[in-house]
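Take a look at the structure set out below.
The values are calculated or read from the model by the stated rules, or taken from the named source; none is laboratory data. No experiment lies behind these values; they were computed from the predicted model shown. Note that we place each Cβ from the backbone using ideal geometry, even for glycine, and neighbour counts take in every protein chain shown. SASA here: full protein model, heavy atoms, side chains in, ligands and nucleic acids out. Shrake-Rupley method; radii C 1.70, N 1.55, O 1.52, S 1.80 Å.
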Amino acid sequence: RYSLFYNRLKNIEENEGGLDKFSKSYKTFGVNQFVDGGVYCKEWAPGAEAVFLTGDFNDWNPFSHPYKKMEYGKWELFIPPGQDGYSPVPHGSKLKVVIRAQNGELLYRISPWARYVVRDEDKVNYDWVHWNPPQSYIHKNPSPRRLKSLRIYESHVGIASPEGKVASYKNFTYNVLPRIKDLGYNCVQLMAIMEHAYYASFGYQVTSFFAASSRYGTPDDLKEMIDVAHSMGITVLLDVVHSHASKNSEDGLNKFDGTDSCFFHSGPKGTHQLWDSRLFDYANWEVLRFLLSNLRMWIEDYRFDGFRFDGVTSMLYHHHGIGTGFSGDYNEYFGLHVDEDALCYLMLANHMIKFLHPECITIAEDVSGMPALCRPVAEGGGGFDYRLAMAIPDKWIQIIKELKDEDWNMGNIVHTLTNRRYEEKYIAYAESHDQALVGDKTLAFRLMDAEMYTNMSVLSPLTPVIDRGIQLHKMIRLITHALGGESYLNFMGNEFGHPEWLDFPRKGNNESYHYARRQFNLTEDHLLRYRFLNAFDRDMNKLEERFGWLASPPAFVSEKHESNKVIAFERAGLIFIFNFHPYQSYVDYRVVIWYSSLIVIFKYKILLDSDAAEYGGHQRLDHSTEYFSEEYPHNYRPNSIMV
């Protein structure tokens, strides 16, 4: 694998003037403004017989501005400035690339490199709009320093409002970012930013890879949003989709030049069976140019601080993970079923990002557990910084769905939370957007279900269902946060147990926005119990910020007691003790401490208590109590404390 990567990198150095120049192609492809007022246009359309540019600037004459055919399927066009010295293609004018296909048909296409596309309300397809404002947004704040502990708030701009509408970048900037900061998250991961024609695809059916979604506002609005986040010390990651592309051809990449092989594999190999989308040909030189340039554009133009790569499992294997289970056997990761070209692209992408912008962060969404995916490229690894611990949310769902409380297996929970390769960093999460979508249920909804509609008011009795749901919601999140990885992720709204599910407007729900929103207002109503969960999530993050357990070595688990339903472990100098027993509390319970000393007696105090009143608990612990270490052996360690 490293040899394949090295040879590709060497070819780029020898034939393209280096990775820096190769990945800067977003400044020459598409339609770009020259300083002297002229416009330079460039496309890759190897299957085209002829290429033209048309639009408002030439009264939609399809043949007045032909491109010149160059080597390797490239086409170029230069339009000189007007007599007044101004650009012949004004800012805001609509454009189309006209392709004469091999069968003579004229195809009106949006450039794959288009920076801004919009859809009028009375139209189905998007239009390409030339974005070249007289004064672009100027970033005022530097990017935050690379974080040791990532506390990620996974977000979707369009649903980030209690109102039933598509919310805006401006709304997120001034109403949501302060909330994220207050909750103690230091990183926001933005979904559905790359333009996608179908809103209900959650942003995963991308049509224009270089365009920020216009349904939320302008490119400058997004730049301002990122700039304000940086001013708050918040790192901003983009959920990037390079695993597949929408099948749209009128306003997407599909059949751009009239063939099914432009950017993608031809035939069945180029279509994902489950997603009904097109699959990139990662061995193609121009596909590599397109995708690497795409990453660089988001970093340098918008100032994103890194990426969460979606669908990595689909990229890594020719079977795309369809109908395939992964047991951890190494034969599953090495063989002809692995798409080495796709893996090489990921290595190139991570190498480029680290080479040009070493402060950037990359995350892999991989369910297979590919070894060394999060080790440096120089070691033959994939080069990612983190991978998502995707087994953890599945485990919590399985436990809640299938087991009675008294049947919970402490050893199995600990195994799932700690089962990760040494020195490969994992992002732990109890639930993400996947669990919030229609057809699934969030943890809060699984735990409390219909009673969330009637018994979340403090004026109503605290029923056993609500009591159990609130307490387990806090405990599950804290043990996942503290034991499950080297970073933590939460999907917006789930921190306070957002009721119901997430569903975008579509024909099946009469185009309703009722479930395509986040009811942040629920946490501000002091008569509702949602505020307890919100407060616990905030204080949990603030405690991690203070002690940094995510950046600390893996925890030392001292107890997983099946009959007592107790889990205890130490990390970052803190002792975490969880009692998952449905009805049994304990007095004078002995717990191991890692530190051992014949001279020093260690004193401990409670820092975070899920049973505290401010978190909707029952106040059964006295926070003024001090706990002292004893030279009393327990669980094969010399020292312990009684709690």
Ordering Ile322, Ile397 by how much accessible area each has at a 1.4 Å probe, largest first, what is the list?
Ile322, Ile397
Alpha-carbon centroids, the stretch 153-189 and the stretch 6-59: separation in whole Å
35
For the stretch 152-296, the percent of accessible surface on carbon and sulfur atoms (probe 1.4 angstrom, ligands and nucleic acids excluded) is 48
If you take every DSSP beta bridge whose two residues both sit in the chain, what share of them, in percent to the nearest 5, is antiparallel?
65
Determine the equivalent ellipsoid of the stretch 1-130 by diagonalising the alpha-carbon gyration tensor, then write out the semi-axes as square roots of 5 times the eigenvalues, largest first, rounded to whole Å.
29, 19, 16
Taking the Cα centre of the chain as the origin and placing charges on Cβ (Lys, Arg +1; Asp, Glu -1), which of Ser629, Ala389, Gly203 is farthest toward the positive end of the dipole?
Ser629
1.4 Å probe accessible area per residue over the stretch 556-642, in Å²
59
Past 23 Å, Cα to Cα, is the threshold; run Lys148/Lys170; Lys395/Lys565; Lys10/Lys354 against it and keep the listed order.
Lys148/Lys170
Tell me the carbon and sulfur percent of the accessible area for the stretch 1-127, rounded to whole percent, probe radius 1.4 Å.
48
Above-threshold pairs, the threshold being 21 Å between Cα atoms, out of Lys123/Lys247; Lys42/Lys69; Lys425/Lys605
Lys425/Lys605
Reachable aspartates and glutamates from Lys140, Cα under 20 Å, same-chain residues fewer than 8 places away excluded?
Asp220, Asp221, Glu224, Asp227, Glu300, Asp301, Asp305, Glu359
In Å², and per residue, what accessible area does the stretch 1-130 have when probed at 1.4 Å with the other protein chains present?
51
Vicinal HN-Hα couplings computed from phi for the stretch 540-545 (Karplus, 6.51 cos²θ - 1.76 cosθ + 1.60; Hz; Gly/Pro x)
4, 5, 5, 5, 5, 4
If one puts a single equal scatterer on every Cα of the stretch 235-313 and applies the Debye formula without solvent, what log₁₀ I(q)/I(0) results at q = 0.16, 0.25 Å⁻¹?
-0.64, -1.23
Inter-label distance for Ser93 and Asp588, nm, one decimal - labels placed 7 Å from Cα along Cα-to-Cβ
8.8
Return the sequence-ordered ³J(HN,Hα) values of the stretch 137-148 in whole Hz as given by the Karplus equation 6.51 cos²θ - 1.76 cosθ + 1.60 applied to θ = phi - 60°, using x for Gly and Pro.
4, 9, 5, 9, 10, x, 5, x, 5, 4, 7, 7
Averaging sequence separations of C-alpha pairs under 8 Å and six or more residues apart, then dividing by the length of the stretch 67-147, give the relative contact order as a whole percent.
22
Once amide hydrogens are built 1.01 Å from N within the peptide plane, the residues lying 5 or more places from Leu437 or on another chain with amide H under 5 Å from its amide H are Leu502
Have a look at the DSSP beta bridges in the stretch 138-240 and tell me what percent are antiparallel, nearest 5.
20
How high is the relative contact order of the stretch 517-631, given as a whole-number percent (alpha carbon pairs under 8 Å, six or more residues apart)?
19
Rounded to the nearest percent, how much of the accessible area of the stretch 515-643 (1.4 Å probe, protein heavy atoms only) is carbon and sulfur?
52
Distance from the stretch 367-423 to the stretch 545-574 (C-alpha centre basis), Å
16
Dipole magnitude of the chain, debye to nearest 20 (Cβ charges: Lys/Arg +1, Asp/Glu -1, about Cα centre)
600
For helix 464-483, report the angle its Cα long axis makes with the longest principal axis of the Cα atoms of the chain; keep it between 0 and 90° and round to the nearest 10°.
70
Once normalised by the length of the chain, the mean sequence separation of its alpha carbon contacts under 8 Å that are 6 or more apart gives a contact order in percent of 11
Could you name the aspartates and glutamates in cross-link range of Lys441, using Cα to Cα under 13 Å and dropping any fewer than eight places away on the same chain?
Asp394, Glu431, Asp449, Glu500, Asp503
In degrees from 0 to 90, rounded to the nearest 10, what is the angle of the helix 285-300 Cα long axis to the longest principal axis of the chain?
60
Helix-only mean residue ellipticity at 222 nm, the chain, DSSP H runs n ≥ 4 weighted -39,500 (n - 2.57), per residue, nearest 500. What is it?
-7000 deg cm²/dmol
Diffusion coefficient in µm²/s returned for the stretch 494-642 by Stokes-Einstein, Kirkwood Rh over C-alpha pairs, 10 °C and 1.306 mPa s, is 86
